[in-house]
Amino acid sequence: MQKEYHMFSGLIVPLAANPETAARLYYITKEANGGRTTWKESSFLYELENENNFYLGYEFEGEIVGYIGCMRILDELSINNFAVLPNQRRKGIGMLLLTEMIRMNVAAGVRHFYLEVRLSNEPAIFLYQKVGFENISFRKDYYVDPVEDAYVFYKQEPNLEVDK
Ligand SMILES: CC(C)(COP(=O)(O)OP(=O)(O)OC[C@H]1O[C@@H](n2cnc3c(N)ncnc32)[C@H](O)[C@@H]1OP(=O)(O)O)[C@@H](O)C(=O)NCCC(=O)NCCS
């Protein structure tokens, strides 16, 4: 995957599996979650190396400032990681990452998109709803540190609301 996607003044780039990228994803994740994450640099490297996984980053002024990570199994995609640095938010970067991830996977034959989100995470919930995801289920105590329930959100393609 060498192709780069030019968007706004930054780039959407596929992320390679290497320790530097894993360290950057760890940093962004921690910053994006108030200094807390249950993930480690080694977990990101493991995820990046998994051939079922697919990670996109948003590069601005030479640095990755946001990313999205998914796992694809046949025609299903599960969005497992998604974060934008606090000082880069509300610029449309999250929306670009999410819609580009969907577009690329629709092109690859994916029809079913799933994700979990904390009940209290209004920014992410608003974003997912804007892109056409719907709440289909609930998982008790799904998250740790802090413990919280999750909504399960789902979107089926073809039905890319952002194209309308
Ligand atoms: C969720 C997250 C990735 C969104 O990134 P972002 O780049 O700020 O999102 P965008 O600028 O593309 O926002 C797109 C739309 O989402 C909604 N949205 C985003 N942040 C919002 C907020 N704080 N409050 C209300 N709506 C919000 C809005 O509808 C927004 O469109 P608008 O700015 O035109 O009103 C970012 O807030 C983040 O990293 N949060 C912490 C990590 C996280 O929660 N990840 C998701 C785990 S499920």
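The values are calculated or read from the model by the stated rules, or taken from the named source; none is laboratory data. A quick note: this is a predicted structure, and the numbers were derived from the prediction, not measured. In this analysis, Cβ positions are derived from the backbone assuming ideal geometry, glycine residues included, and neighbour counts consider all displayed protein chains.
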Tell me, please, whether a residue that is part of a helix (DSSP H, G or I) and either near the ligand (Cβ under 6 Å from one of its atoms) or touching a His at 6+ places or on another chain (Cβ under 6 Å) (or both) can be found in region 86-94. yes
Would you tally the residues in region 17-60 being within 16 Å of the ligand (Cβ to nearest atom) and charged (D, E, K, R)? 6
Looking at Gly69, is it at pLDDT 95 or above, in contact with an Asp or Glu (Cβ under 8 Å, 6 or more places away or on another chain), assigned to a loop (DSSP other than H, G, I, E, B) and within 14 Å of the ligand (Cβ to nearest atom)? no
For region 150-164, how many residues are away from the ligand (no atom under 13 Å from the Cβ) and modelled with pLDDT of 95 or more? 3
The number of residues in region 53-98 that are surrounded by 20 or more Cβ atoms within 10 Å (Cβ to Cβ) and farther than 17 Å from Thr29 by Cα is 2
Limited to region 12-53, what total is found for residues that are of a type in the set (S, T, N, Q) and either in contact with a helix residue (DSSP H, G or I) (Cβ under 6 Å, 6 or more places away or on another chain) or within 21 Å of Gln88 (Cα to Cα) (or both)? 5
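Kindly indicate which of Ile64, Ile79 is under 11 Å from the mean Cα position of the chain (by Cα), of a type in the set (A, V, I, L, M) and in a strand (DSSP E or B). Don't jump to the end; show me each part of the working.
Working: Ile64 fails: under 11 Å from the mean Cα position of the chain (by Cα).
Result of the check over Ile64, Ile79: Ile79.
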Can you tell me which of (1) loosely packed, with under 15 Cβ neighbours inside 10 Å; (2) more than 20 Å from Tyr55 (Cα to Cα); (3) within 13 Å of the ligand (Cβ to nearest atom) is the one Val147 doesn't meet? (3)
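Look at Ile102 and say whether it is in contact (Cβ under 8 Å) with a residue 40 or more places away in the chain and in contact with a Lys or Arg (Cβ under 9 Å, 6 or more places away or on another chain). Explain how you work it out, then say what you get.
Details: in contact (Cβ under 8 Å) with a residue 40 or more places away in the chain: yes; in contact with a Lys or Arg (Cβ under 9 Å, 6 or more places away or on another chain): yes.
Yes, satisfied.
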For region 128-144, which positions are within 9 Å of the ligand (Cβ to nearest atom) and buried (at least 19 other Cβ atoms within 10 Å of the Cβ)? Tyr128
Count - residues of region 109-127 that are more than 8 Å from the ligand (Cβ to nearest atom) and touching an Asp or Glu at 6+ places or on another chain (Cβ under 9 Å): 8
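If you take the residues of region 99-108 that are surrounded by fewer than 16 Cβ atoms within 10 Å (Cβ to Cβ) and in a helix (DSSP H, G or I), which of them is nearest to the ligand (Cβ to nearest atom)?
So in region 99-108, the residues surrounded by fewer than 16 Cβ atoms within 10 Å (Cβ to Cβ) come out as 103, 107-108.
When the remaining residues are screened for being in a helix (DSSP H, G or I), the result is 103, 107.
Numbers: Arg103: 15, Ala107: 21 Å.
Looking at the filtered set, the residue picked out is Arg103.
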